[in-house]
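Have a look at the structure below, then the notes.
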Amino acid sequence: MTVSREKLEGGRRVSEVATPPEGGWGWMIVAGCFLATICIRAVTRCVSMFFVEFQLHFEKDYSTTAWIYSLVDSTTMLCAPLGSFLGHRLSCRATVTLGGLLSSAGLVLSSVASSLEHLYISMGILTGIGFALSYTPSVAMVGRYFSDRKALAYGIALSGNGIGTFILAPAVQLLIERYSWRGALLVLGGFVSNLCVCGALMRPLGSKGGERILEKNMANLEKDCITARLDSKNSKQETLLGEIGPSNPKLSNCNIIEDFKCITLKKANIVKKEDSGLTEAKQLDPHKLDDADSPSTEALLDTKTSFSRRFLPEEFGFLLLPDFLFLSVSLLFLAYGCSTPVVYLVPYALSVGVGYQEAAFLMSIFGVSGIVGNITFGWITDRKFLRSYRMLTYMVAIAMEGLCCMCLPLLNSFSLLVTFSMIYGYFDGAYVALIPVVTSDVVGPTYMTCALGVVYFLHAAPYLVSPPLGGWFVDKTGNYAATFFISGTSFMFSAVLLAAAMLVKRCQRNKANSASQL
């Protein structure tokens, strides 16, 4: 699998074919994404550690205070397409670095906040935009450097979420106790500036050496041919091409020029088709809602070419795919479900008598379990005999998270909450690692960067309304049962929707097979 593109050099359009190296500098990209995940997703989770502090300091209710966390998360996802756009137009390196500067500035400004409204803007919006610019390009870069070991690479890279939560949760609690919430936010602002280091690691994938050699040979041959023809014009003694040939060996290359031009033209056409997502020969990976006999992404889009060209930019042609539409609707319910438990796990633990340090330890356990889920599911789904079941694995992880959320209101002791944190964190790590893999399997590598931006964008609205709505239920009912039950139901519906899509496709395929046999 190769990533093809074209660019201008010296007025000429030079085609590049970048092959995922499956290692090498790719592991540095994984390390950069790992660190970026710690600075972004783990820090976002640790914002819930400030929930009680903000509530007591500003004397606000649950729903009003919860807007801070929801704004951070929703802005990060809402601006994900902006991160994809800038990473595609400028470079991933520059975009990630810019995001690091913005997010660090937002947290530093939050440390001097005088009201919740100040925190809404500095932490919720400014920091969220910075996270968006850094997160999507860094995740997309991993997919460019890996193909066969893509799930494992994503599992390692996104395990920074769990490792960061494990380390930062107790550290943030200690910082709050020692320096107050203002000092803790100031320290986090300095820590998040490490995203600039992550940006420095995002080196673009180099072109294939053979393509460059071909272009250089073409340029040299063209120069030789032009020089030889000029010499033949200036020559008064030799008038026939046959007589010039032996005296000027450069002209012997001229008859090769046309052949090279034909080859180059064909190559350029192939590259152009691949870039526009209309290559018919390339088949999509068999890891979608229905893996058997699936048509390629490009072939499906080819049937809607006129509509796509008229109403959609070329980079967003994947929006017409039925598989992606089902995945998108499923993600809306998933995003609503996964936000609430992270925000209200610590407040719920405190409400049932668990101490502050023990509640912070629950977040650490949640993070460690997420690491195990990231890596194990990434490694398992990379096995050849399980690659076609990635979507099914993803659905199982989501369903298990929903079941855990429904049981959470029944757990009222520290030991039971530890069990919840372990199981829920494990499957949370699994689905986080599989989201980019499943997305790539559905849309293909050509659309990976833009598709990830859309996928994370779909998380924005649920992330925005889920914590305040959950806080509203707590304020009205006086307990957390309704909040966690609705979250679990949302998880389950997300999995059921994907399962229904698989069944519909299978039935349609069986009918098509029966009709063809008749």
By the gyration tensor of its Cα atoms, with a ≥ b ≥ c the square roots of the eigenvalues, what is the shape of segment 146-209: rounded for a/c under 1.5, prolate for a/b over b/c, or oblate?
-> oblate
In sequence order, what are the phi-derived ³J(HN,Hα) couplings for segment 54-69 according to the Karplus relation 6.51 cos²θ - 1.76 cosθ + 1.60 with θ = phi - 60°, rounded to whole Hz, with x for glycine and proline?
-> 5, 5, 6, 5, 9, 6, 10, 7, 4, 5, 5, 5, 5, 4, 4, 5
Taking a crude spin-label model, label points 7 Å out from Cα along the C-beta direction, the Leu503 to Ala200 distance in nm is 5.5 nm
Gyration tensor (Cα) of segment 364-423, equivalent ellipsoid semi-axes in angstrom = 27, 14, 6
Carbon + sulfur, % of accessible area of segment 372-485 - ligands and nucleic acids excluded, 1.4 Å = 75 percent
In vacuum, with every alpha carbon of segment 404-518 counted as one equal point scatterer, what does the Debye formula give for log10 I(q)/I(0) at q = 0.18 Å⁻¹? Two decimals, please.
-> -1.12
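Which order, highest average first, do 503-513, 332-342, 171-181, 391-401 follow once you tally other Cβ atoms within 10 Å for each residue and take the mean per peptide?
The packing order, highest mean first, is 332-342, 391-401, 171-181, 503-513.
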Using 0.36 nm per residue, how much length does the chain from Val187 to Thr376 gain when fully extended, once their Cα-Cα distance is taken away?
-> 64.8 nm
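The values are calculated or read from the model by the stated rules, or taken from the named source; none is laboratory data. Since this is a predicted model, take the numbers as computed values, not measurements. Cβ atoms come from the backbone with ideal geometry, glycine included; neighbour counts cover every protein chain shown. Heads up: the accessible areas ignore ligands, DNA and RNA and are worked out on the full protein's heavy atoms, side chains in. Shrake-Rupley method; radii C 1.70, N 1.55, O 1.52, S 1.80 Å.
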